[in-house]
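One structure is given here, and the rest of the page talks about it.
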Amino acid sequence: MISFDSLLIKGLGGCYKKDDEQAGMTKMRNKMLHPLCTVFCICLIIFSACATSDLETLKQESFSYTTGPVWPPPPQTTRIQYIKSIYGPSDIGMKKSWVKKTMDILFGRDEIGQIVLRPYGVFADSERIYLTDPGTRLLHVFDLREKKSFVIKKADKDEFQSPIGVAADKSGEIYLSDSLLKRIFLFDRDGRYLRDIGSENVLKRPAGITIDEERLYVADTHHHKIFVFSKKDGTFLFSFGKNGTGNGEFNYPTNIFIDKSGLLYITDSLNFRVQIFDKHGHFISSFGKHGDGSGDFSKPRGIAVDSDGHVYVADALFDTVQIFDRDGRLLLAFGKTGRGNGHMVLPAGLFIDEQDRIYVVDSSNQRIQIFQYVKEMRAKE
């Protein structure tokens with residue numbers, strides 16, 4: 001019996017002849033193996049080129065970090081610096097061996113977990129970036145420290161239908177809202193399902209979520225209100241808001257963020273404004289109006305706050321992120337329509353971590369863009 005390895009060697013370059021029958025068998029095997037070997041050799045050439053390409057990409061990313069877009073432009077003092085974009089696992093340093101790449105091409109293995117299709121929500125901490133993708137019905141978890149990633153696609157027996165909001169606490173437990181399943185799902189840091197919070201009897205269209213030490217806050221778009229649950233056991237605590245245009249009323253709230261002092265910032269999307277509340281749901285202030293001028297809103301989505309209290313709002317129609325003080329005065333805007341670094345098409349979710357890194361979900365460009373808020377002291381250095 002001839003082993004597969006010996007067949008491969010002979011198929012690559014050899015013919016041998018003992019008797020007519022064996023020669024005939026060899027000829028037939030060679031005909032079968034030559035196409036496979038040809039593809040294999042082509043793959044080797046392709047991935048040799050890809051290795052060079054990966055090296056060049058790394059060089060370009062380092063170059064982009066030091067000379068990428070900044071806002072405002074020179075000679076003014078830089079306040080926002082573009083860092084990099086993440087399209088998938090390879091952008092966090094996760095790489096397949098050339099053997100696995102070759103096998104994936106030969107046998108048609110194109111893992112859906114490697115694809116970001118229509119991302120929406122984002123959360124980040126010092127180790128990980130979490131990205132919801134309603135397009136693939138997945139939650140992507142990018143582990144920056146371990147340089148690996150995984151996806152979560154279901155909770156117990158329920159496959160996700162429309163994952164939107166995401167958050168994680170200091171223990172690594174992950175909270176995910178699904179707007180069509182009408183629940184919040186809780187997972188451990190390894191993606192194992194723990195329990196549900198809420199139900200279709202309580203929630204209509206849960207969207208953006210945020211957490212503090214004790215509570216989970218959920219923006220329910222179709223209920224026009226914010227629901228508050230206990231993180232400890234998922235108990236419903238209270239809700240605030242109703243449909244309307246007055247202070248504390250909502251018209252399709254979509255996204256929510258809690259700052260370090262415990263204030264809640266909510267995108268009141270079809271009232272074209274931001275509303276600010278304390279953690280007990282008491283109204284504090286609001287700003288914004290519908291329009292197409294600087295500081296106006298047209299399709300406000302993601303919202304976040306940096307360490308100096310500046311409020312960032314992504315607008316999906318303007319393809320920009322606008323920055324305000326807490327009184328609603330426009331300070332700066334960054335981004336414009338396009339595909340390049342710092343450009344955006346339909347920006348959605350937004351998050352700012354403890355290091356003032358700004359994560360913008362650039363939805364139609366199928367990526368996360370990461371920026372840095374440059375504090376005044378650092379800017380002077």
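The values are calculated or read from the model by the stated rules, or taken from the named source; none is laboratory data. Model, not experiment: these values are computed from the prediction. No Cβ is skipped: glycine too gets one built from the backbone with ideal geometry, and neighbour counts run over all protein chains shown. Note: accessible area is taken over every heavy atom of the protein model, side chains too, but ligands, DNA and RNA are not part of it. Shrake-Rupley method; radii C 1.70, N 1.55, O 1.52, S 1.80 Å.
Quick notes on this one:
- Long-range amide H partners of Thr320 with built H, under 5 Å: Asp315
- Karplus-derived HN-Hα couplings along the range 253-261 (A = 6.51, B = -1.76, C = 1.60, θ = phi - 60°), whole Hz, x at Gly and Pro: x, 10, 10, 8, 9, 10, 8, 5, 8
- Each residue of the range 282-287 was assigned a 3J(HN,Hα) from its phi angle through the Karplus expression (A = 6.51, B = -1.76, C = 1.60, θ = phi - 60°), giving 7, 5, 10, 6, 8, 7 Hz with x at Gly and Pro.
- Solvent-accessible area of the range 309-381 (1.4 angstrom probe, protein heavy atoms only): carbon and sulfur portion equals 49 percent.
- Entry comment: accessible area of the range 199-292 is 44 Å² per residue, from protein heavy atoms only and a probe of 1.4 Å.
- In this structure, the amide hydrogen of Val116, modeled 1.01 Å from its nitrogen in the peptide plane, lies closer than 5 angstrom to no residue at least 5 positions away or on a different chain.
- Label point at Asp190 placed 7 Å out along Cα→Cβ; residues across the range 115-146 whose backbone nitrogen lies under 20 Å: 127-130, 139-146
- Proximal lysine pairs, the range 134-218, alpha carbons under 26 Å, eight or more residues apart or interchain: 13
- In order along the range 350-365, the phi-based Karplus estimate (6.51 cos²θ - 1.76 cosθ + 1.60, θ = phi - 60°) of 3J(HN,Hα) comes to 8, 8, 10, 8, 5, 9, 6, 7, 9, 10, 10, 7, 8, 4, 6, 8 Hz; Gly and Pro are listed as x.
- Contour excess over end-to-end distance, with Cα ends at Ser171 and Leu237 and 0.36 nm allotted per residue: 21.5 nm
- For Arg326, solvent-accessible area (1.4 Å; no DNA, RNA or ligand), Å²: 100
- Amide H contacts for Leu194 (H built 1.01 Å from N in the peptide plane; partners 5 or more residues away or on another chain; cut-off under 5 Å): Leu186, Phe187, Asp188.
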